[in-house]
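Okay, structure first, notes after.
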Ligand code: ARG
Ligand code: ZN
């Protein structure tokens, strides 16, 4: 305990930097195994720094080659250099120049942090603390400098040289095989936004003219041969740039904007100033290899990284505790962008599904942490669903509370006041408090208190007085490090629906606690009274998912069916279907745990059939309604003593009942839908989503020809969405033709790693007893590669997070397997290993036998002497 405790970084210990770095001149002479980096830093003591305060620059695995202080070699006793720090014991009291030379080995960098090589391309990843693997620096986000970067490389090895900012000059180095390029970024930035790329890259080009008339040259750089797959990303980029001007009034601020796709990348993408570097799966898209979901992700991630130019780069974070300042806000912005590009309700449903399946379980287990954490041992472990997705929900609630106009005014003030700053959540909130004339003190608890609040709702209707009274009670359980919680400010959007299905106007008595249709719950328990309610209304609670909470109301099944049919809020129509399905699944689950099998509720099955055939509804919406809660969602709702096999059988039973009841309809819809030539727009994607869902239900219907129909879809599909949908049904349902279809897919896509990832995932997520053996065998497939994070996530990650019943096999083999994989990867790539091991995060909720087996594997990992800091942090928090 005590040894690890020493490395905890705490928010309360934040101190402004003692020294500032105004300018950085970098000279990077690239070489595969010995890249020479010369950094010239213009440093000065911060105001108030006492003379003689030591300067400690961060390093990570560095070796100092040369050091000059104002052009002279310092005395040996004036400084100390180690792999993790360069210390000047008594630096000058005046501004000074430090010249530092280090030599690093990009080829040996398998952690994919700092400068590394991906398929021969030199690239960098510096967020959060990667710059210190390149040179000694004050590697913290509140030290902002102007960078000039000279990159030099072999001309044939790296004809393309890219840096941050604008290109200044480039040319050959006479008498050598080498050339150079100089880049200058006029905008001061923290080191985590530094980037360079050098390699043999092809590119596609376009331009964008900002509304104030700046011509921006846009380029996307990819491995040669992939140029045809950049069209959608470029289109998304231009739409993002226009949208940010239109909606937030934010323009781009350099002459060039470069995007580079690399195949080895730990995360999604990175917003380096003027030089975004992407995991190639979020850039490359064509109908042959990318699904509609992939198109949606490319659009969203391109937008996300672009939007960071203002929310992240122009205004950055004071320290890493403020990560949600840029991430939560930027996710909110990219969600809004996608909503405007596509169907808003369908996007909202997809986002909430994602929040509930990823963030809620995080909040409910040992890895729970506040949106703004107060302590960390390894910051890379805090790029989480809580910081990103819950962080976005908090911004969304702010908009709900303030209204669109005041929210926009708050954003404008934030940008105006903090442009060029490294800011905090307090400063962000202060802008909205000021613009909206509000006290946001209680609201700020959303950043401080971990866990998902729970709302209990009871109501009473009095026909004599025509009043409805509604009592809302909030509670929030303990989370690691937070035993007791204060009540939060929860915006609850409400609809009251009359017997005819129309909304009743709200006439609340507590006018100061209700804003339009939003109830402001701020006490532990509050009663709201509404007048003029002559007949008993049906409650539509938390419309649009106005707050990230769970609701415990007890509407009758009849009320839920009524909501599914009549709610004017499409989100809550979907929610009603989910609630009905969840209830039914819980009933079937409880019976199965006792060894019983109950009959499925026919009313639910028939209501879902009505939605399926309702041609007035958007196909994408219908697909969302018919898509049952996942196994992990049910596990989360069950909460304790979870038996994943019983969940799987309950869910299978309900799926079969739906399939059998509407087999004919599924068959005919599957035949009719999505027959137009592929276009990635929302309408066509929605039809394909519904078609894929129909195939999945058809597979469990009693239609005789079902296997043939599905195999034909797999064979004849002219796009990846349809092909993979049919393939996964064949494989997951063990239908005749599955092996043939797998083999055909493999032949067709053998040369395309991102397509093969889908082939791995389909097999890894099959809920059958042989899956673990297949996963292990697939690690020896020629297309698999332990060194590539996308491959590992597509196979092992898909198995551990997308295949509940097999990962948690009662014999513990799934846990043991993950433990072995983590040991194997940990030294090479700690971030990837730590991410994989967090699949254990809900182990305590499992039934005792499985829980003990999971704990055993975690304890064994914890006992290893050589575990990386990243993995140890997750393992120990899981066990705490
Ligand atoms: N800022 C990047 C993004 O938008 C994430 C980079 C995180 N990388 C890391 N190694 N922690 O979303
Ligand atoms: Zn981001």
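Residues in segment 38-59 that are assigned to a strand (DSSP E or B) and under 33 Å from the mean Cα position of the chain (by Cα): 57, 58. The C-beta contact set for segment 310-339 (first residue without any contact (Cβ under 8 Å) to a residue 12 or more places away in the chain, second residue more than 12 Å from ligand 1 (Cβ to nearest atom), distance under 8 angstrom, 6+ apart or interchain) comprises 339/347; 339/348.
Each row is one residue, and each column tells you yes or no for (1) over 21 Å from residue 167 (Cβ atoms); (2) modelled with pLDDT of 95 or more; (3) not in a helix (DSSP H, G or I).
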site	(1), (2), (3)
211	yes, yes, yes
219	no, yes, yes
225	yes, yes, yes
232	yes, yes, no
235	yes, yes, no
241	no, yes, no
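Residues 91, 95: which one is more than 16 Å from ligand 1 (Cβ to nearest atom), surrounded by 23 or more Cβ atoms within 10 Å (Cβ to Cβ) and either touching a residue at least 40 places away in the same chain (Cβ under 8 Å) or under 20 Å from residue 16 (Cα atoms) (or both)? Matching residue, one of 91, 95: 91. Screening 150, 132 for residues that are part of a helix (DSSP H, G or I) and either within 23 Å of residue 42 (Cα to Cα) or touching a strand residue (DSSP E or B) at 6+ places or on another chain (Cβ under 8 Å) (or both) leaves exactly one candidate, 132.
Scanning segment 371-385 for residues that are part of a helix (DSSP H, G or I) and either surrounded by fewer than 22 Cβ atoms within 10 Å (Cβ to Cβ) or within 14 Å of ligand 2 (Cβ to nearest atom) (or both) returns 379, 380, 382, 385.
Just one of the numbered conditions (1) away from ligand 1 (no atom under 13 Å from the Cβ); (2) under 21 Å from residue 233 (Cβ atoms); (3) under 18 Å from the mean Cα position of the chain (by Cα) is not true of residue 312: (1).
Being over 30 Å from residue 786 (Cβ atoms), surrounded by fewer than 18 Cβ atoms within 10 Å (Cβ to Cβ) and either without any contact (Cβ under 8 Å) to a residue 40 or more places away in the chain or in the same structural domain as residue 649 (by TED's automatic domain parsing) (or both) narrows it down to one of 739, 704, 684, so name that one. Only one candidate passes the filter, namely 704. All conditions but one from (1) part of a strand (DSSP E or B); (2) within 12 Å of ligand 2 (Cβ to nearest atom); (3) surrounded by fewer than 24 Cβ atoms within 10 Å (Cβ to Cβ) apply to residue 276; the one that does not is (3). Of the numbered criteria (1) outside any strand (DSSP E or B); (2) surrounded by fewer than 15 Cβ atoms within 10 Å (Cβ to Cβ); (3) in contact (Cβ under 8 Å) with a residue 12 or more places away in the chain; (4) on the phi < 0 side of the Ramachandran plot, the one residue 23 fails is (1).
Which strands (runs of 3 or more DSSP E) sit wholly inside segment 505-562 and have at least 1 residues that are surrounded by fewer than 20 Cβ atoms within 10 Å (Cβ to Cβ) and out of contact with any helix residue (DSSP H, G or I) (no Cβ under 8 Å at 6 or more places or on another chain)? Even if it seems obvious, please write down each step before you answer.
On the way: elements: 518-521, 525-531, 538-541, 550-552.
Correct list: 525-531, 550-552.
Whether any residue in segment 690-698 is surrounded by fewer than 14 Cβ atoms within 10 Å (Cβ to Cβ) and closer than 30 Å to residue 788 by Cα is what I want to check. Working first, answer last.
As a first pass, look at segment 690-698 and keep what is surrounded by fewer than 14 Cβ atoms within 10 Å (Cβ to Cβ): none.
No, because not a single residue in segment 690-698 is surrounded by fewer than 14 Cβ atoms within 10 Å (Cβ to Cβ) and closer than 30 Å to residue 788 by Cα.
Among the listed residues 250, 254, 284, identify the single one that is crowded, with 24+ Cβ neighbours inside 10 Å and not in a helix (DSSP H, G or I). So that I can check it myself, show each step before the final result.
Values: 250 fails: crowded, with 24+ Cβ neighbours inside 10 Å; 254 fails: crowded, with 24+ Cβ neighbours inside 10 Å.
Step by step, each of 250, 254, 284 is checked, and only 284 is crowded, with 24+ Cβ neighbours inside 10 Å and not in a helix (DSSP H, G or I).
Conditions tested, residue by residue: (1) under 27 Å from residue 648 (Cβ atoms); (2) surrounded by 23 or more Cβ atoms within 10 Å (Cβ to Cβ); (3) out of contact with any helix residue (DSSP H, G or I) (no Cβ under 8 Å at 6 or more places or on another chain).
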position: 799; (1), (2), (3): yes, yes, no
position: 803; (1), (2), (3): yes, yes, no
position: 873; (1), (2), (3): no, yes, no
position: 877; (1), (2), (3): no, no, yes
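Could you list, in sequence order, the residues of segment 244-272 that are away from ligand 1 (no atom under 16 Å from the Cβ), over 24 Å from residue 286 (Cβ atoms) and touching a residue at least 40 places away in the same chain (Cβ under 8 Å)? Result: 247, 248, 249, 250, 251, 252, 253, 254, 255, 256. Of everything listed in (1) assigned to a loop (DSSP other than H, G, I, E, B); (2) more than 15 Å from ligand 2 (Cβ to nearest atom), the single unmet condition for residue 309 is (2).
The values are calculated or read from the model by the stated rules, or taken from the named source; none is laboratory data. What you are looking at is a predicted structure, and each value in this text was computed from that prediction instead of being measured. Glycine gets a Cβ as well: all are built from the backbone with ideal geometry, and neighbour counts include every protein chain shown.
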